[in-house]
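Okay, structure first, notes after.
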Amino acid sequence: MDIKRSALTSSHWGAGIVETDGSRITAVHPYPADPAPNRINENIPGALYSDSRIRRPAVRASWLEHGPLAKAGTRGRDPFVNVSWDQALDLIAGEVQRIRENHGNASIFAGSYGWSSAGRVHHAQSLLKRFLNTQGGFVRSEGNYSYNAALVLMPYISGSYRLSIIDSTRWSVVERHSELVVAFGGLAERNTAVCDGGVTFHRIPDAVQACADAGVRFINVSPLRTDMSARVQSQWLAPKPGSDTALMMGLAYVLLEEGLHDPAFLARYTVGFEQVAASLRGHGPDRIAKTPDWAAAQSGIPAGQIIALAREMASKRTMITVAAGLQRADFGEQPLWMCVTLAAMLGQIGLPGGGYVIGAAVNGNIGTKERLFGTGTMRQLHNPVSTFLPVAMISEMLLHPGEDYTYDGAKMQFPDARMVWWAGGNPFHHHQDLARLHTAFQTPETVIVNEISWTAAARHADIVLPVAAAQERVDFGAGKSDDTLVPMPAHASPPFEARLEYDIYADLAERLGNRDAFTEGRTAEQWAEALWEVTRGFSKRAGVDLPDFETFMTGDAIAVPDPSPEQVYLADFRADPDANPLPTPSGRLELFSETIAGYGLPDCPGQATWLPPRDDPAEQGPLFLISGQPKTRLHSQLDDGAYSRSYKIKDREPVLIHPRDAAARGIADGDVVELHNARGRCLAGAVITEDVRPGCLFLWTGAWYDPDFSQSPPLDRHGNPNSLTHDRRTSSLSQSPASHSVRLDVRKWDGALPAVEAFSPPPFKR
């Protein structure tokens, strides 16, 4: 397909070529040069013009009638009233002024979290935060749901986790030097379809296949067979969910007792192995030797297989990877720490094709390419408010303002959030225990949501602002680690009364008396051109000449060279740990951390520790629930699009069930089933398959939450796994989400099927 003038767009799941009929977007085709394009762009045309697209500004009827100080109680269920843009902006400007004058800016929580736009100008979080910073600041969130435990824990062990992603060993190096890749949690190809900021060339599928073709052996350690591509022909080990730390400890015990570990490496490059060895041999606080038999009892993997795998790992150049999902479970810090410990015992860290990767395949950038130079971005300006919230603690903050908690070794206190403003994300996708979140969302005085569609988050708002989609505004794509710059012209005008968020904030700032502080005298398009000029300056210093803005916007995507094609993680540290120390207290890999031990946290001791999953009375079901990113959308984005909906079963999200578990419950392929525990209930469509471990269900994330609040607990009619998850944290160190630790049961749904209402607008008062 030829690239036509102004035809390109970019997104977090890839570039595409936009087709229009003159006024509407009718199709988005794959970018021709992409070696492994996915189909998520097929969702765009239908989603932009669906019934769920927000047409006009709307205000919750009871909020409009009784005011912000009236008790909410029915957010998520109330009808709305359409209002003019002037009325909506007047209401918001008044609320910003009232709350900051009466309660201070620390009572404004900009909960904006999500992937928003791939563009550098119209990035929803950045624009909201920039606006609020011109108004005195706000309480921000810190971290993310995907790999928050790594963000907090890894600096104690090896250094910045974000830098480890940038510095990760290239797959091309693995292809030439590795003999064995042991992937705890697998290497799910579907995850590599997306990347924050965009991924133009999907390289990981071919890169992993090239490794397999070169003779690298892969082992998929996951309850789900398809967490590794069938083309790789990997060995599948299916442990019990949550047992990976125990399995790694069993492997480490074999290395230690059979003398297969590397004492010289441990002595020169690590601290704390004495405590590790003592714990493995049963001389630690739990007095349990981490033998293969013990590990087999925890994981369900036979002891003989554990012994054989340990010996194979020691005899070959071995790369150990840990999927990000493992840390989103009870005590999720521990498999990360144990991965580093196991890799250190093998002594191959810093060697080509050896060592470890935390969060491998969490998205499409790890181990492929990195950006040669920076890009211009919308500055968020200075936030005068220093208060922040760990990202997964929204419900606690709203339900327990002023209460104390511990985070990263410090004593913290929840702010009193009187206003919540969300843009560019959907907390009723990301967050855990949605019934509890629904209750928590009743507490603020005012909730504002900028949205394209009537998601559950929008339905829980008091004021809803319809905003333009990425294909309806001028921008350019430049992902944080993507090596490609993509022009993003506006292919159609925003439909109905949707507006650019930039223009919304500019008008709000004018009402509040400081428009120029937000706009700096520029329109949105002028900002795009200005940021492109900044990018050109960065590129010139890196030896790359970029065209002027007009030429770029009417041309093709521009790929730039990889700054480090032979990269090996921690190679410099291995070459000379004294000259290249790690940013840890010892300058070495800390297998035992005196700092963390000094915090005295029972849920995160000073070394990798086996802590059995918590015993929760609400989770006594016989089955485990696991969930993950689907191939049909990015999280919950565009779930109302045609491609995402084509994989539904009787309008419900599919759930994978092993034949043995299905037969015991009289469930057939294609049946609608009810997943249930004491916490929640949801409907899903049964897919009977041997690709999932017996005793486990797999339900994709991101189905728009569709609760029937007339039932207790609410019945989610659509299939969102967070209707069933708990809202506990991994530990008091990182306060990360632990929602993968879920027990439940499933039964065939025999009653009349309730209609799915997630893609229909909420009720309106005229």
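The values are calculated or read from the model by the stated rules, or taken from the named source; none is laboratory data. Please read all numbers here as calculations on a predicted model, not as lab measurements. Glycine also receives a Cβ, built like all others from the backbone with ideal geometry; neighbour counts cover every protein chain displayed. These area figures cover heavy atoms from the full protein model, side chains too; ligands, DNA and RNA do not enter into them. Shrake-Rupley method; radii C 1.70, N 1.55, O 1.52, S 1.80 Å.
At-a-glance table
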| quantity | calculated |
| --- | --- |
| Test: Ala361 is at positive phi and either within 29 Å of the chain's Cα centre (by Cα) or open to solvent by 10 Å² or more (accessible area, probe 1.4 Å) (or both) | yes |
| Test result for Ser586, open to solvent by less than 20 Å² (accessible area, probe 1.4 Å) and in contact (Cβ under 8 Å) with a residue 12 or more places away in the chain | no |
| Segment 162-191, residues that are hydroxyl-bearing (Ser, Thr, Tyr) and either open to solvent by less than 30 Å² (accessible area, probe 1.4 Å) or under 17 Å from the mean Cα position of the chain (by Cα) (or both) | Ser164, Ser168, Thr169, Ser178 |
| Scope segment 71-101; condition within 16 Å of Met419 (Cβ to Cβ), of a type in the set (A, V, I, L, M, F, W, C) and either open to solvent by less than 40 Å² (accessible area, probe 1.4 Å) or within 30 Å of the chain's Cα centre (by Cα) (or both); matching residues | Ala72, Ala88, Leu89, Ile92, Ala93, Val96, Ile99 |
| Of all residues making up segment 243-279, the number that are open to solvent by 40 Å² or more (accessible area, probe 1.4 Å) and touching a Ser or Thr at 6+ places or on another chain (Cβ under 6 Å) | 2 |
| Output for segment 706-740, where each listed residue is among the polar types (S, T, N, Q) and surrounded by fewer than 23 Cβ atoms within 10 Å (Cβ to Cβ) | Ser710, Gln711, Ser712, Ser732 |
| Identity of the residue in segment 220-242, hydroxyl-bearing (Ser, Thr, Tyr) and open to solvent by 20 Å² or more (accessible area, probe 1.4 Å), that ends up farthest from the chain's Cα centre (by Cα) | Ser234 |
| Residues within segment 592-635 that are open to solvent by 30 Å² or more (accessible area, probe 1.4 Å) and under 23 Å from the mean Cα position of the chain (by Cα), tallied | 4 |
| The one condition in (1) within 24 Å of Ser734 (Cβ to Cβ); (2) open to solvent by 30 Å² or more (accessible area, probe 1.4 Å); (3) under 17 Å from the mean Cα position of the chain (by Cα); (4) not acidic (Asp, Glu) that His123 fails to fulfil | (1) |
| Segment 280-321, residues that are open to solvent by 30 Å² or more (accessible area, probe 1.4 Å), charged (D, E, K, R) and in contact (Cβ under 8 Å) with a residue 24 or more places away in the chain | Arg281, Asp286, Arg311, Glu312, Lys316, Arg317 |
| Checking Val199 against (1) assigned to a loop (DSSP other than H, G, I, E, B); (2) of a type outside the set (D, E, K, R); (3) at pLDDT 95 or above, the condition it does not meet | (3) |
| Residues of segment 472-518 that turn out to be among the polar types (S, T, N, Q) and within 27 Å of Arg53 (Cβ to Cβ), as a count | 1 |
| Failed item, numbered, when Pro292 is tested on (1) under 30 Å from the mean Cα position of the chain (by Cα); (2) over 30 Å from His431 (Cβ atoms) | (1) |
| Answer residue from segment 409-423, given it is in contact with an Asp or Glu (Cβ under 9 Å, 6 or more places away or on another chain) and surrounded by fewer than 23 Cβ atoms within 10 Å (Cβ to Cβ) and is farthest from Ser141 (Cα to Cα) among those | Lys411 |
| Criterion: out of contact with any strand residue (DSSP E or B) (no Cβ under 7 Å at 6 or more places or on another chain) and either of a type outside the set (Lys, Arg) or open to solvent by 10 Å² or more (accessible area, probe 1.4 Å) (or both) - qualifying residue of Leu656, Leu638 | Leu638 |
